[in-house]
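Trainee: My questions will all concern the structure given below.
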Amino acid sequence: MKTYNSIFNFSSKKKTILTLGTFDGVHLGHQSILSKLKKATQHGLYESVVLTFFPHPRMVLNQDNSIKLLNTIEEKTALLNNFGIDTLIIHPFDATFSKLTAEDFVKTILVDQLNIQKIIIGYDHRFGINRSANIDDLVKFGLHYNFEVEQISAKEIDDISVSSTKIRKALLEGNVKMANDYLSYNYCFSGKVVEGKKNGRIIGYPTANIQVEENYKLIPKNGVYIVSSEIKGTLFYGMMNIGTNPTLGENEQTIEIHFFKFNSDIYAQKIKISVLEYIRKEQKFESLEALKEQLDKDKDFSIKYLAEHESTFF
């Protein structure tokens, strides 16, 4: 898959069949569209193109820095690469781009720059300045500029019943199973292992403290989770706590992971964490002994879960 960081860096001798959107999560709904795109270009006559944007349009149009995304750009690129798409364009979304009229976008971008033969798009797609144009307008432009518009119908979208918003909501409620089902893969994030306060060692639960660099990346709700991570080519499982360590009187959110069957120095390494299941909410305990007792129960639960769901654990 070829990747471009601007629409204007792209050129192709072939006509293109294109889909566009934020594709946050690359979930089941997105995968349905990508399958249509791949099928439409399977004979090699046309080039398949995914056009996406960064920053997220809401960050620019609404100055909304509170929105959290399911994927970083690196994660989204890796996921899209799995679908055999010829070309990915990640175009910078800024105020100037947002002010393109609908016809300017179609003529200048889709027709002149991207050499479009066909666009595959959801029935509710809106585009142009202030999102003023809809699918009917796009069909009219297609007739005028000689390209085809394939709509993803309301029924197809409703049948899948998946959206990035639903997945974000599920993760923020601790509903990991729903999120992972909608994604068709385990939700994950990456971060660097940094020095912590080493309090876990005192009670026999040393942890890797994870620092996520991208402040727009969605972190699931505070609580205890079962997770996995591939470290130096080996898959390890463990328990993750997201929270403020109330038992120790702290108030800064941290991400700490105790890996099972693991005893290596991984400080300063960047590792990818896959979230498998939510165990419980974060709690404040009366003592470190009480905390250890609960962690023992959490570990027993995790090992039982892994024995039932992850045969590779043993």
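The values are calculated or read from the model by the stated rules, or taken from the named source; none is laboratory data. Just so it is clear, the model here is predicted, and its values are computed rather than measured. No Cβ is skipped: glycine too gets one built from the backbone with ideal geometry, and neighbour counts run over all protein chains shown.
Trainee: In this structure, is Gln31 outside any loop (DSSP other than H, G, I, E, B) and either surrounded by 16 or more Cβ atoms within 10 Å (Cβ to Cβ) or free of Cβ contacts under 8 Å to residues at least 24 places away in the same chain (or both)?
Mentor: yes
Trainee: Has segment 190-205 got any residue that is surrounded by 19 or more Cβ atoms within 10 Å (Cβ to Cβ) and within 26 Å of the chain's Cα centre (by Cα)?
Mentor: Yes, there is a match, as at least one residue in segment 190-205 is surrounded by 19 or more Cβ atoms within 10 Å (Cβ to Cβ) and within 26 Å of the chain's Cα centre (by Cα).
Trainee: Additional query: Based on what the data block shows, is Ile266 under 22 Å from the mean Cα position of the chain (by Cα), on the phi < 0 side of the Ramachandran plot and touching a residue at least 12 places away in the same chain (Cβ under 8 Å)?
Mentor: For Ile266, the condition - under 22 Å from the mean Cα position of the chain (by Cα), on the phi < 0 side of the Ramachandran plot and touching a residue at least 12 places away in the same chain (Cβ under 8 Å) - is not met.
Trainee: What residue, of Thr234, Thr244, is within 12 Å of Ile271 (Cβ to Cβ) and of a type outside the set (Gly, Ala, Ser)?
Mentor: Numbers: Thr244 fails: within 12 Å of Ile271 (Cβ to Cβ).
Going through Thr234, Thr244 in turn, just one is within 12 Å of Ile271 (Cβ to Cβ) and of a type outside the set (Gly, Ala, Ser): Thr234.
Trainee: Further question: Which one is modelled with the lowest pLDDT, of the residues in segment 41-79 that are surrounded by 15 or more Cβ atoms within 10 Å (Cβ to Cβ) and of a type in the set (Ser, Thr, Tyr)?
Mentor: Only one residue tops the list, namely Thr41.
Trainee: Got a sec? Which of Thr77, Thr52 is assigned to a strand (DSSP E or B) and in contact with a strand residue (DSSP E or B) (Cβ under 7 Å, 6 or more places away or on another chain)? Reasoning before the result, please.
Mentor: Values: Thr77 fails: assigned to a strand (DSSP E or B).
None of the others qualify; the one that does is Thr52.
Trainee: Now for a different question. Across segment 55-73, what is the total count of residues that are in contact (Cβ under 8 Å) with a residue 60 or more places away in the chain and not in a loop (DSSP other than H, G, I, E, B)?
Mentor: 2
Trainee: Which of (1) without any contact (Cβ under 8 Å) to a residue 60 or more places away in the chain; (2) out of contact with any helix residue (DSSP H, G or I) (no Cβ under 6 Å at 6 or more places or on another chain); (3) in a strand (DSSP E or B) is the odd one out, the single condition Val149 does not satisfy?
Mentor: Unmet condition: (2).
Trainee: Is it true that some residue in segment 254-264 is more than 23 Å from Asn186 (Cβ to Cβ) and either assigned by TED's automatic domain parsing to the domain that holds Ser190 or acidic (Asp, Glu) (or both)?
Mentor: yes
Trainee: Can you tell me which residues in segment 80-112 are among the β-branched types (Val, Ile, Thr) and either loosely packed, with under 15 Cβ neighbours inside 10 Å or assigned to a helix (DSSP H, G or I) (or both)?
Mentor: Residues satisfying the conditions are Thr96, Val106, Thr108, Ile109, Val111.
Trainee: If you don't mind, there's one more thing I want to ask. Only one of (1) modelled with pLDDT under 95; (2) of a type outside the set (Ser, Thr, Tyr); (3) closer than 28 Å to Lys68 by Cα is not met by Asn222, so which one is it?
Mentor: Against the list (1) modelled with pLDDT under 95; (2) of a type outside the set (Ser, Thr, Tyr); (3) closer than 28 Å to Lys68 by Cα, Asn222 comes up short only on (1).
Trainee: Right, next: Mind counting the residues in segment 112-141 that are over 24 Å from Gly29 (Cβ atoms) and among the aromatic types (Phe, Trp, Tyr)?
Mentor: Going through segment 112-141 one residue at a time, the tally reaches 1.
Trainee: Can you work out which of the residues in segment 269-300 that are in contact with a strand residue (DSSP E or B) (Cβ under 9 Å, 6 or more places away or on another chain) and of a type in the set (A, V, I, L, M, F, W, C) is nearest to Thr247 (Cα to Cα)?
Mentor: Filtering segment 269-300 for residues that are in contact with a strand residue (DSSP E or B) (Cβ under 9 Å, 6 or more places away or on another chain) and of a type in the set (A, V, I, L, M, F, W, C), the one nearest to Thr247 (Cα to Cα) comes out as Leu295.
Trainee: Could you list, ordered by first residue, the pairs with Cβ atoms under 7 Å in which the first is in segment 107-127 and farther than 15 Å from Tyr4 by Cβ and the second is of a type in the set (Lys, Arg), at least 6 apart or interchain?
Mentor: Qualifying pairs under 7 Å: Gln117/Lys15; Ile120/Lys36.
Trainee: Which of (1) surrounded by fewer than 15 Cβ atoms within 10 Å (Cβ to Cβ); (2) within 25 Å of Lys177 (Cα to Cα); (3) in contact with a Leu (Cβ under 9 Å, 6 or more places away or on another chain); (4) not β-branched (Val, Ile, Thr) is the odd one out, the single condition Lys281 does not satisfy?
Mentor: Answer for Lys281: the failing condition is (3).
Trainee: Where the second residue is among the acidic types (Asp, Glu) and not in a loop (DSSP other than H, G, I, E, B) and the first is in the same structural domain as Leu110 (by TED's automatic domain parsing) and lies in segment 1-15, which pairs have Cβ atoms under 6 Å and are six or more apart or on separate chains?
Mentor: The qualifying pairs are Ser12/Glu47; Lys14/Glu47.
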